[in-house]
Amino acid sequence: MTTPEHDPHSASNILRRFTGYIWLYIEPTKPGGKTRTTLGWWSNRVGVLSYALTPFTVLLASRESILTMLTGIPYQHFNFLHRWCGRIIFAQAALHTIGWTVVEAYYYGPAPDVYYLFLTNMYAVFGCVATFLITFLTIFSMKRVIRWTGYEFFKITHSIGAILYIGACWGHWDKLWCWMVASLVLIAIDQSARLFKTCYLHFGGKKGSIGFRRGMADVQIIGEGDDVIVRLDFDFEQEAWEPGQHFYLCFPSLSIWQSHPFTVSSMPDPSSKVQHHTYLLRARKGQTVHLAALAGQTDVPVIMTGPYGPGWPQHTTDNVLAVAGGTGVTFTLPIVIQSLRQLIVPQATVDFVWVIRRAQDLLWLNAEFVELKQMLASNPGLRINIFVTREDTPHIPFCCNRPGKQAQQNADPEKGPNTNISSTSSQTETSNRATLQELLAIDQERFHVELLGSHHPTMPMVVTSFMERASKRGGFIQIVGSGPESMGSDLRTAISTVEEKDGLDFYWDSRE
Amino acid sequence: MAMDLPEGGYLVPHWGYADEPLPCESDEGTCRYLNGVYVMHDLSMKYSFIMWGVLLGIAVVWVTLRGWRMGGPSQRVGGVIDTVCNSLERAKRRWLLKDAPLPYFFGRTTRLQVAILAIMLGYLLIFS
């Protein structure tokens, strides 16, 4: 059927029959008439496939992901495929448009009258609009362009553009509405589930009090120079999440159009009605910089959606290696503490590795870190390795904010982080110094601080050292990590060469 | 295709396309061309359903295996399916966990992601 004159038994013909491949075939022009080609057939094939791909692409983008529910794979991992499916649809749309343009403007005579007439069809107009929209979506979701337009612009235009694109596709070829309805339904499910999750958290609460409750965060800046982070603290009445999970935080006083995922670094307490949230954000660009400008305020409203992501530990704790770089510690620290609390066999090998730029970074989470350090005594399998990559001697910050009162907490880490900030800078400096010295003190076996000056620890070394001890003991191995993506690459490469007998699970909490 | 139905003619429905008026009363070339449009469209629909069939099939197998492995009694551990799954996981870790080539093109991602993309692209290229 595809082309008339060919040997039906030739290899290329058999392949063509199987795949329905369409060769470009041109029938000679008849005077005044249309030149018939197979280009239109092929353009339609590409168009139909792009329609079928649309709901799948939407599915890959959802946060309340049906795919995650079914497969257990975290929703972030589908983002790569979502982006590429979008690009494939763009390519298909472009080829379909070019194909029909060539057919109508070149092969169908008399040109250009036939083409102009064709363009007056409603479906042709919708087709052009859809092609324009998918081009817009593709260009404005490129990383470089987002850097230029800003995240907020991307977020608003990407969802509105996608809905308009789906609508335009429906208008273009309404006989294939099934794919477009499916796509719109999937978007609706995702969005309403997000809204429901937000409302579930923020409405209600205490008996008798109805209405929207917001979290009121206490904002601090910790660190100085090239190493500044924003720490958020607030209490909120809600059910406990699981260690390692994250929330999407929206700061309505900055913008209601943005929300970003942050892993909670404080420990959830299933026995309590009120949970304490602690977040660490690196003040780099965009909203985090505006947030840093609010430092010192104790009532910055926060709206949360979540929790998202798998909870940990996922297996009966045997051996755990947790590797964190910088603020990635918000993911690993609660997992390690929880694993140690649930430990059945106290000899289990648990390595907590934290790569930080400067020694002062230990002040970020000092109460939780003190708790972890104290666990060394009761857990002979626990090791803590701190690698400082930009200092050869610990430097105590002079300026800045002020985990002031936290110095006093060290005496009583049970209380959890204190959110009250009030101390003069000289007091702060003294208490910072004292706290940091206490945190750095090598007063326990299996606690190491290495000041590397200007290089990074090698991941194969970290993994090998852990594997030696873990395999000697045997049992399931759980490796978790979070931090810069380059560190994730190194860690993945190191783990790919590991030999184990009793099973190994690896999870990298990607921040991109 | 907006032509009046000839006497004794009938419409053949095609999913996702306009109904096909038969018998064709134009000249032979036009009829052959129009017939081709319908045949190729039906084939396109078939390929898109096969694509979804494969996707749903993978989902069903995945969910079944996952439920089976999570919910089963402990004697399932060490069984044939369990062993196969474990060695697949080892193979994945060994070969597909590393960074994919061409980071400036794909970004920093695993070989697994790029391999899945390649399979999808392969399907779409062959069938279009």
Where A:L95 falls short, out of the listed (1) of a type outside the set (D, E); (2) more than 12 Å from chain B (Cβ to nearest Cβ); (3) touching a helix residue (DSSP H, G or I) at 6+ places or on another chain (Cβ under 6 Å): (2)
Candidates A:L117, A:L95, A:L59 - the one that is within 20 Å of the chain's Cα centre (by Cα) and assigned to a helix (DSSP H, G or I): A:L59
Candidate set from the range A:283-301 (those that are at negative phi and touching an Asp or Glu at 6+ places or on another chain (Cβ under 9 Å)); member that is surrounded by the fewest Cβ atoms within 10 Å (Cβ to Cβ): A:D299
Residue among A:V102, A:V114 that is surrounded by fewer than 17 Cβ atoms within 10 Å (Cβ to Cβ) and away from every other protein chain (no Cβ under 14 Å): A:V102
Among the candidates A:C169, A:C178, residue that is in a helix (DSSP H, G or I) and crowded, with 19+ Cβ neighbours inside 10 Å: A:C169
Residue within the range B:2-25 that is closer than 27 Å to B:S128 by Cβ and in a helix (DSSP H, G or I) present: no
Condition met for A:I189 (in contact with an Asp or Glu (Cβ under 9 Å, 6 or more places away or on another chain) and in contact (Cβ under 8 Å) with a residue 60 or more places away in the chain): yes
Some residue of the range A:196-211 being in contact with a helix residue (DSSP H, G or I) (Cβ under 9 Å, 6 or more places away or on another chain), under 17 Å from A:G306 (Cβ atoms) and in contact (Cβ under 8 Å) with a residue 60 or more places away in the chain: no
Among residues of the range A:129-158, those that are of a type in the set (S, T, N, Q), touching a residue at least 24 places away in the same chain (Cβ under 8 Å) and either exposed (fewer than 15 other Cβ atoms within 10 Å of the Cβ) or in a helix (DSSP H, G or I) (or both), counted: 3
Hey, B:E7 surrounded by 11 or more Cβ atoms within 10 Å (Cβ to Cβ), more than 26 Å from the chain's Cα centre (by Cα) and more than 12 Å from chain A (Cβ to nearest Cβ) or not: no
Conditions (1) within 17 Å of A:I335 (Cα to Cα); (2) touching a helix residue (DSSP H, G or I) at 6+ places or on another chain (Cβ under 9 Å); (3) of a type outside the set (G, A, S); (4) not in a strand (DSSP E or B): number failed by A:Y279: (4)
Test: residue in the range B:59-73 that is outside any helix (DSSP H, G or I), out of contact with any His (no Cβ under 8 Å at 6 or more places or on another chain) and at pLDDT below 85: yes
Matching residues, the range A:473-504, being among the acidic types (D, E) and more than 8 Å from chain B (Cβ to nearest Cβ): A:D490, A:E499, A:E500, A:D502
Top-ranked residue in the range B:75-105 [being closer than 30 Å to A:I88 by Cα and facing another protein chain (nearest Cβ under 8 Å); ranked as surrounded by the fewest Cβ atoms within 10 Å (Cβ to Cβ)]: B:W95
Residues within the range A:40-86 that are basic (K, R) and either touching a strand residue (DSSP E or B) at 6+ places or on another chain (Cβ under 6 Å) or closer than 23 Å to B:T110 by Cα (or both), tallied: 2
The range A:62-86, residues that are assigned to a loop (DSSP other than H, G, I, E, B) and either within 7 Å of chain B (Cβ to nearest Cβ) or basic (K, R) (or both): A:R63, A:G72
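The values are calculated or read from the model by the stated rules, or taken from the named source; none is laboratory data. What you are looking at is a predicted structure, and each value in this text was computed from that prediction instead of being measured. Here Cβ is always computed from backbone atoms with ideal geometry, including for glycine, and neighbour counts include all displayed protein chains.
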